[in-house]
Amino acid sequence: MKKTVFILIGCALLLFGCSSDDVYTPEGGDILVEYTMAIDKSDGIRHTFKDNGTKFDKIFDANGNVDTEYIYNANDQLITINSDIRNPGGTVLGLEKTEYEYEGDAIIKLTVSRIMPNATFTKVREFEIEGNTMFVRTGDYPQGLYKEKYEFNDQGHIVEIVFIGSSATQGFYNYDAQKFEYNQSNSVVRSEFVTGFYSEETQTFGESGTGIFERFKYYENNPNPFKEATREIYKNYIIAPNAFKKGLFGDGAHAIFFEKFPSDYIYAGDTSNTHYFFRDGNIIFQQNGLPKSGFRAVAGIPFEFTYAE
């Protein structure tokens, strides 16, 4: 399973380490206006929010140019994400456009286009909704077998993602999956990556663990400032994680969709190859518990939130 396929694999993280030295500062409002961080010029460094902090607005680069823009329809549904395609030095090479189509509240179609000067590459996925599960099916597969599956629990949180390979060897299809666990507060605390096969003859799945997992932790007493903006775009993120990879999003981004402010994120290939993507240093919180400033990731990248009353 390629790391880029899944929601939570990347290289920069917005999760912050905890410390006994964390301090509190006077109130600064509770409506999220802006989030900034000092990172590489090829990524977004300033995120703005609109409609009283309930929607993502834009991401700006280090030069103040718009890198990414989020567009909503009259029903407050996210319909388009326009994001620059850049090389490591920050030069704009093209545009990636992610478009969602809805039937009522359900996402039924996803179109991702990479628009380059001399060519446009487009991938379209159409979804079938059955209860709490979204499927992508194709005529190339045996009857009843899907290409992709996104299963959600009754709280609307993802519990399993499955990608099934398009070719079979002697009646067996390989598949990759990711399974999620939640705590009593319905916040994600662990995910595990699984590989296996599907037997066309018996119509059953066989699986084996990969030894790769993720773990998430949260501050117990500090609310998540992103929760209002992320509340209505959770499924948009789940089915198209690459559309949210700039700046704010990356490793461990799943945790910003829940009630409490995330602290630690661990991605581990095995017990001898564990990666801790958080900064163990001071974080300043407002008296209302919302984070004000601190450091993120192992490199200690400074971040700051701006709020309105």
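Just a few scattered comments:
- Descending by average beta-carbon neighbour count within 10 Å, the peptides 68-74, 209-215, 111-117 line up as 209-215, 68-74, 111-117, the highest first.
- Greater than 30 Å apart at Cα, pairs in Lys50/Lys179; Lys97/Lys292; Lys58/Lys235; Lys179/Lys292; Lys97/Lys179: Lys50/Lys179; Lys97/Lys292; Lys179/Lys292
- About the Cα centre, charge dipole magnitude for region 126-181 (Lys/Arg +1, Asp/Glu -1 at Cβ), debye: 180 debye
- Here the simple spin-label model places points 7 Å from the Cα toward Cβ, and for Thr195 and Asn183 these points are separated by 3.2 nm.
- The magnitude of the dipole of region 164-235, with charges of +1 and -1 set on the Cβ of Lys/Arg and Asp/Glu and taken from the Cα centre, is near 340 debye.
- Distance (nanometres) between label positions extended 7 Å along Cα→Cβ at Glu232 and Ile129: 1.5 nm
- Neighbour-count ranking [beta-carbon atoms within 10 angstrom, fewest first] of Asp84, Asp30: Asp30, Asp84
- Lys/Arg +1, Asp/Glu -1 at C-beta; region 76-129 dipole; positive extreme among Ile129, Asn82, Gly94: Gly94
- Residues within the reach of a label modelled at Ile115 (point 7 angstrom out along Cα to beta-carbon, backbone nitrogen below 15 Å), restricted to region 51-87, are 67-71, 80-86.
- Contour minus Cα-Cα distance for Asn153 and Glu207 (0.36 nm per residue): 17.3 nm
Values quoted throughout were computed directly from the atomic coordinates according to the rules given, and no laboratory measurement underlies them. Keep in mind that what you see is a predicted model, and the values were worked out from it rather than measured. No Cβ is skipped: glycine too gets one built from the backbone with ideal geometry, and neighbour counts run over all protein chains shown.
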